[in-house]
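Taking it in order: structure first as structure tokens, then the write-up.
The values are calculated or read from the model by the stated rules, or taken from the named source; none is laboratory data. It should be emphasised that the depicted structure is a prediction, and the values quoted were computed from it without experimental measurement. Cβ placement follows ideal geometry from the backbone for every residue including glycine, while neighbour counts extend to all protein chains displayed. Accessible surface areas use protein heavy atoms only, side chains included; no ligands, DNA or RNA. Shrake-Rupley method; radii C 1.70, N 1.55, O 1.52, S 1.80 Å.
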Amino acid sequence: MESTVNILFTSIITSLGLGLSFFFGILFLKNAKIQNRILGLLLIVMALRITKSIFYNYVELPLFVKNLGLAANLAAGPLLYLYGHHLANVSKTLGKADLIHFLPTLVYVLGCTVLPNAPDSVFWTYSYVFILLQSFTYVGLSLYLHHKKMHMLGKKVRLWYLRLTLVLATIWVVYTLIFMDILPIYTAGPIAYSLLVVLLAYLSVNKRKIEGLNILGKYGNSKLSYEEGKRYFDKIEQLLRDQKLYLQADLSLQTLAKAVGVSPRQVSETINRFSDKNFANYINSYRVEEAKTLLKSTDKKNKIISIALDSGFNNLSTFNVAFKADTDQTPSEYREKFNRQLI
């Protein structure tokens, strides 16, 4: 029998985690974007799955409640994958093909009153193994999405999705260890989920926003495909390398867009998604590289202000800020360090 202290600790931790999961789940469901609605459903079904686990540890649950808990688990993996899929493809609705992922969930929902659910049942043993395998399969698919299909999304968005995937993977690892009697504490699952949800919420809020709420930012309604964006970005980089447009101190988004042959919005979106930088910072990164070359190839008689202007910056202050942000050194420190290495 668990001690009162353990029960109290478990209750506090799980209540906090489940409260956050339900709160953010409902919040995301109210968002207009399909991506965020899928995320809301994911958080809610996981919260329902964990709630079932908590009650299962203390009271005898009806058969249909236990099976609905497993149905929630079967829905979580597909929702994680579809969330990433719709982030990467900027889809607006769930298609019929998406619903195929939920066939195992449907089986458990329809059979919740008759499907065996007890540790001494052979059916339950094999079905639980299938549920765990299904969960890890979707973790694998989600990691593949993150690695191969999210190039057009910003670094913060990709990091958010990776964290979410690893959180759910950790939860399923804990439940696997419990199932194999390696971890003989059933409440470890709910506690792990709650702690990880709290951590996930902290990491998101600590960045001054929940990335999922505005996960695609101002380009949420973009029609730009990955292939188009990559083509535009390659052309932008070629223009900057070959014609050194960044040396123009007055280079604007409109000027670069005209050279590429697309709209300023498309250029801005392409740069944001493929470089994780805004237009000004992206252009300044080229100018800083030019400045590094000049700092290495000229002597101290060539003043820093001259190098700044020759690199495309229109004033020394902007140059110093951009250079320090890129190298963690001032231009003078960079030149001194390079000269010392030559001695």
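Observations, loosely collected:
- When Cα extents along the principal axes in Å is computed from the coordinates, the matching label among [x] 69, 47, 33; [y] 53, 45, 45; [z] 84, 46, 32 is [z].
- Placing a pseudo-label 7 Å from each Cα along the Cα-to-Cβ vector at Leu166 and Glu237 gives an inter-label distance of 2.6 nm.
- Take each peptide in 234-241, 187-194, count the other Cβ atoms within 10 Å of every residue, and average; sorted highest first, the result is 187-194, 234-241.
- Here the sum of -39500 (n - 2.57) over DSSP H runs of 4 or more residues, divided by the residues of the chain, equals -24000 deg cm²/dmol at 222 nm, to the nearest 500.
- Ordered by 1.4 Å accessible area with all protein chains kept, Met46, Met180 run largest first as Met180, Met46.
- With the charge dipole of the chain set up from +1 on Lys and Arg Cβ and -1 on Asp and Glu Cβ about the Cα centre, the Cα lying farthest toward the positive end among the listed residues Ser194, Leu68, Gln266 is that of Gln266.
- Computed over protein heavy atoms with a 1.4 angstrom probe, the accessible surface ordering of Val174, Val109, largest first, is Val109, Val174.
- Cβ-Cβ distance of Ser225 and Asp250, R₀ of 30 Å, FRET efficiency by 1/(1 + (r/R0)^6): the value works out to about 0.40.
- DSSP-loop trypsin sites (Lys or Arg not before Pro) across segment 265-309, with at most 16 other Cβ within 10 angstrom: Lys277, Lys300, Lys301, Lys303
- Gaussian network model of the chain, Cα within-10 Å springs - most flexible of Ile283, Ile26, Ile100: Ile100
- The long axis of helix 279-297 is offset from the longest Cα principal axis of the chain by roughly 50 degrees.
- Per-residue ³J(HN,Hα) for segment 327-339, Karplus 6.51 cos²θ - 1.76 cosθ + 1.60, θ = phi - 60°, Hz, x for Gly and Pro: 10, 6, 9, 7, x, 5, 5, 4, 5, 4, 5, 5, 5
- Pairs exceeding a 29 Å alpha-carbon distance, out of Lys258/Lys337; Lys66/Lys148; Lys244/Lys324; Lys258/Lys303; Lys149/Lys244; Lys30/Lys96: Lys258/Lys337; Lys66/Lys148; Lys258/Lys303; Lys149/Lys244.
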